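Q: Please read through the structure below; I'll follow up with questions.
The values are calculated or read from the model by the stated rules, or taken from the named source; none is laboratory data. Source: prediction; values computed, not measured. Here the Cβ is made from the backbone with ideal geometry for all residues, glycine too, and neighbour counts use every protein chain on show.
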C-alpha cells in the first residue's frame, strides 16, 4: 500500500537533493494567499494542496495566470470551497506563474524487480504522441545522467529551440542525480514524479512534484 505526500510535503522532502523549485508559499486563507502572491510577485498560480489531493488539474483545483490581488482572493475562495471531507486538511499553495515552450518529465520509481530507477522523457502535449522516455538504474553518476540526456530521441528539444537557448545539461544532470539520491535515500519511497519539468531560459524548473511512500 502506498500513500501520497501533498505537493508541498513532496517538495519539502525533495529540496535537500537540490531539485529546482520556485519560491512558493503555503497559506490557510484567501487573504493570506493575496499576501503570498504579493510576496512572490505576480502573476501567480494557486493550487489546493492536501495529502489526499494528487490529481488537482482533473478537479479544477489549479488556478493559473492570476495577475491581481482580486484574482487571487477569488481563486483562494473558490479553491477552499471546492475541498471535500475526503480531502482532509487542505491549504492553498501560491507560486510564481511560469510558462515554457518545452516541457520534460522526470521521476524515479522503485521497480519490484530491478529496484530504484530514474526516468527522463519528453513531457507536455507531445508526451503521448512521441513517447520518448529513457530509464536508468539508480544510483546514477553524472556520466549516467549525461548519457540519459543524449539517449533522448528528441534532441531538437534539448538544443536551441524557437529562439531559446539550449537546455543547460549540467542543470538537467543535477536534477537526474538528485532524483537518484532521493529515491535511494529511503527505502519507503515508491516513486517521485516531476511533471512538468519546464525549460525556462534553458534551465529546468520543477513546477509540480509528487512523492509516493510505501506503508509497511
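Q: Please go through segment 170-209 and give me each residue that is farther than 17 Å from residue 10 by Cα, assigned to a strand (DSSP E or B) and in contact with a strand residue (DSSP E or B) (Cβ under 8 Å, 6 or more places away or on another chain), ordered by number.
A: Of everything in segment 170-209, those that are farther than 17 Å from residue 10 by Cα, assigned to a strand (DSSP E or B) and in contact with a strand residue (DSSP E or B) (Cβ under 8 Å, 6 or more places away or on another chain) turn out to be 198, 199, 204.
Q: Among the residues of segment 89-109, is any outside the structural domain of residue 173 (by TED's automatic domain parsing), over 19 Å from the mean Cα position of the chain (by Cα), within 30 Å of residue 172 (Cα to Cα) and surrounded by 14 or more Cβ atoms within 10 Å (Cβ to Cβ)?
A: So far as segment 89-109 goes, no, none of its residues is outside the structural domain of residue 173 (by TED's automatic domain parsing), over 19 Å from the mean Cα position of the chain (by Cα), within 30 Å of residue 172 (Cα to Cα) and surrounded by 14 or more Cβ atoms within 10 Å (Cβ to Cβ).
Q: Return the residue satisfying two criteria in turn: it lies in segment 66-88 and is at pLDDT 95 or above and surrounded by fewer than 12 Cβ atoms within 10 Å (Cβ to Cβ), and of such residues it is farthest from residue 3 (Cα to Cα).
A: 70
Q: Counting only residues that are farther than 18 Å from residue 103 by Cβ, over 21 Å from the mean Cα position of the chain (by Cα) and at pLDDT below 95, how many does segment 148-186 have?
A: Counting residues in segment 148-186 that are farther than 18 Å from residue 103 by Cβ, over 21 Å from the mean Cα position of the chain (by Cα) and at pLDDT below 95 gives 0.
Q: Just for strands (runs of 3 or more DSSP E) wholly inside segment 44-119: which have at least 3 residues that are touching a helix residue (DSSP H, G or I) at 6+ places or on another chain (Cβ under 6 Å)?
A: Values: elements: 44-49, 62-66, 91-96, 102-111.
So the answer is 44-49, 91-96, 102-111.
Q: Quick check, is residue 131 at pLDDT below 95 and either under 18 Å from residue 101 (Cβ atoms) or in contact with a helix residue (DSSP H, G or I) (Cβ under 7 Å, 6 or more places away or on another chain) (or both)?
A: no
Q: Kindly indicate whether any position in segment 13-22 is surrounded by 14 or more Cβ atoms within 10 Å (Cβ to Cβ) and over 23 Å from residue 184 (Cβ atoms).
A: yes
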